[in-house]
Amino acid sequence: MKRRITTFVAAVTMLLSAGTAFAQEGEDKVLEKIKDFYSRLSIGAKVYFDWYGVWGHDSSSFDRVANGERGSDASAKNNNSFRIQRAYVDLKYKINDILHMRVTSDVDASVTPSSASNAAFHLYLKYAYIEAKKDFGPVWISATGGMIETPVIGLTDKISDYRWIQQNYLDQAKYVLNNTSLDNSADIGVKASFGISKYVTLTGAFTNGEGYKSNESVGYKAVTYLVTVNPIKELYISGFGRNEITAKYDYTGKKAKREYYGYGVAYSSDLIKVGFNHIFPYVTTVGVASYFDSTLKLGSSDVYVYPVKKTGYMLLDSWLNFNLGAVVPSAPLLVTGRFVYGLQRGTYQKLYTDKECGKTRSTMLYAIGLGWQFNKNFRILVGGELQKYFVKKDQMLRYVESTSSGTDYYNGTALGIGNVYVSSHQPHDSKRVYVKTEFTF
């Protein structure tokens with residue numbers, strides 16, 4: 001009897017020991033999988049917080065202002081605010097040595113629907129893509145699909161390190177090209193790159209063209225191409241372009257297009273980042289059409305009067321970003337500067353009574369800043385901008401403008417005198433000051 005009991009106890013003990021061993025082994029495997037998962041996962045956050053004040057003209061579009069009228073100047077009282085310009089939550093995961101994925105969220109203060117009474121920050125998707133990259137020694141290739149970073153804007157922000165202060169002016173072209181936008185920093189589509197050693201990179205993207213905050217509304221897509229040459233590691237010489245059909249009007253095949261071509265030169269090191277992009281955009285539309293003015297109808301049919309109208313622009317965006325901390329770690333002084341020139345060329349593909357006939361617009365923006373980088377997670381800068389505006393038109397054409405819409409006519413309806421020709425002046429200079437901060441982890 002004792003032998004049987006002893007044998008039973010020994011068997012139970014062995015089973016318990018084996019179970020414990022198996023359980024321990026199972027826990028170890030789970031822990032290994034958890035450790036492996038987190039070793040592949042990267043989580044970060046980035047916040048741009050600033051104080052911003054503006055005086056003078058405060059609109060992305062600009063025109064001559066009739067004497068006696070105020071124009072689009074900022075409010076004399078409500079002209080400064082604290083703002084959150086970016087709040088990234090960034091997740092990156094390495095699936096294997098070839099495949100990587102990224103999901104990034106951001107916030108802004110717009111609301112949906114637009115009639116909502118209280119605007120509040122809301123979360124939206126900035127990036128969501130999977131990328132495959134393979135290095136074959138002298139050459140490498142990569143392919144990306146999803147909500148991707150667009151090639152030219154992405155490169156400019158990378159080599160200038162200016163994004164925490166201000167978007168580059170291809171990204172926000174409307175502020176210097178009279179409310180004409182050219183590109184978005186992210187869009188849904190695919191992108192491929194081919195690199196030859198570390199000296200030449202060819203990149204192409206095929207995207208919706210609507211940008212990361214819009215759903216696709218037309219069947220046409222945007223094509224972007226970029227060539228970057230690096231004779232030395234810090235020197236970037238680039239050529240680029242983008243073509244997009246934005247609308248098709250009627251059976252004749254007339255199309256609206258948005259395109260740009262350009263080149264850039266930049267030097268980017270830890271100590272100094274300096275460079276420029278020189279860009280030549282074109283926007284093609286139909287001069288007078290019911291697409292732009294719903295009153296231009298023939299019964300229920302659309303009306304297209306003028307032939308295709310092509311408006312040319314020019315944009316020069318240059319930057320300087322100096323960090324003394326690269327050579328003197330105890331004095332991480334930041335000095336930044338920017339000069340931007342935007343030009344909207346005149347066109348005579350308009351009726352001579354149209355206020356846009358023959359009109360040329362240009363603007364120059366100067367920016368300077370002084371800051372301090374406390375560590376890799378926090379930096380701050382105090383800066384200011386001056387933007388000047390110039391609108392030119394033949395004086396005789398200004399006399400024949402429509403009295404109700406012409407920029408040289410004062411609206412005296414409230415005084416009982418109707419619209420009176422009083423001539424006009426340039427928009428007031430924009431003066432902006434700000435305190436910018438960036439904190440990351």
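The values are calculated or read from the model by the stated rules, or taken from the named source; none is laboratory data. Keep in mind that what you see is a predicted model, and the values were worked out from it rather than measured. With ideal geometry, Cβ positions are generated from the backbone for all residues, glycine too; neighbour counts draw on all protein chains shown.
Please find, among Lys174, Lys213, Lys158, the residue that is under 28 Å from Trp51 (Cβ atoms), at pLDDT below 95 and under 13 Å from the mean Cα position of the chain (by Cα). If you could, list the steps in order and put the result at the bottom.
Values: Lys174 fails: at pLDDT below 95; Lys158 fails: at pLDDT below 95.
Exactly one residue qualifies, and that residue is Lys213.
I need a count of the residues in region 323-344 that are more than 18 Å from Trp164 (Cα to Cα) and among the β-branched types (Val, Ile, Thr).
2
Each row is one residue, and each column tells you yes or no for (1) in contact with an Asp or Glu (Cβ under 7 Å, 6 or more places away or on another chain); (2) farther than 30 Å from Trp319 by Cα; (3) not in a strand (DSSP E or B).
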{"position": "Gly371", "(1), (2), (3)": "no, no, no"}
{"position": "Leu386", "(1), (2), (3)": "yes, no, no"}
{"position": "Ser405", "(1), (2), (3)": "no, yes, yes"}
{"position": "Thr437", "(1), (2), (3)": "yes, no, no"}
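Could you please find all residues in region 352-388 being surrounded by 15 or more Cβ atoms within 10 Å (Cβ to Cβ), farther than 17 Å from His57 by Cα and either free of Cβ contacts under 8 Å to residues at least 12 places away in the same chain or not hydrophobic (A, V, I, L, M, F, W, C) (or both)?
Result: Asp354, Lys355, Glu356, Gly358, Lys359, Gly369, Gly371, Gln373, Arg379, Gly383.
Looking at Ile272, Ile245, can you tell me which residue is closer than 20 Å to Phe339 by Cβ and either modelled with pLDDT under 95 or touching a Leu at 6+ places or on another chain (Cβ under 8 Å) (or both)? First the steps, then the outcome.
Numbers: Ile245 fails: closer than 20 Å to Phe339 by Cβ.
So the residue among Ile272, Ile245 that is closer than 20 Å to Phe339 by Cβ and either modelled with pLDDT under 95 or touching a Leu at 6+ places or on another chain (Cβ under 8 Å) (or both) is Ile272.
Which residue pairs have Cβ atoms under 7 Å apart, sit 6 or more places apart or on different chains, and have a first residue in region 401-425 that is under 13 Å from Lys355 (Cβ atoms) and a second that is of a type in the set (Ser, Thr, Tyr) and part of a loop (DSSP other than H, G, I, E, B)?
Glu401/Thr353; Ser402/Thr353; Asp408/Ser423; Tyr409/Thr403; Asn419/Thr403; Asn419/Ser404; Ser424/Thr407
How about region 148-203: which of its residues are of a type in the set (Val, Ile, Thr) and either assigned to a loop (DSSP other than H, G, I, E, B) or in contact (Cβ under 8 Å) with a residue 60 or more places away in the chain (or both)?
Initial filter on region 148-203 (of a type in the set (Val, Ile, Thr)): 148, 150, 152-153, 156, 159, 165, 176, 180, 188, 190, 196, 200-201, 203.
Within region 148-203, Thr150, Val152, Thr156, Ile159, Ile165, Val176, Thr180 meet the criteria.
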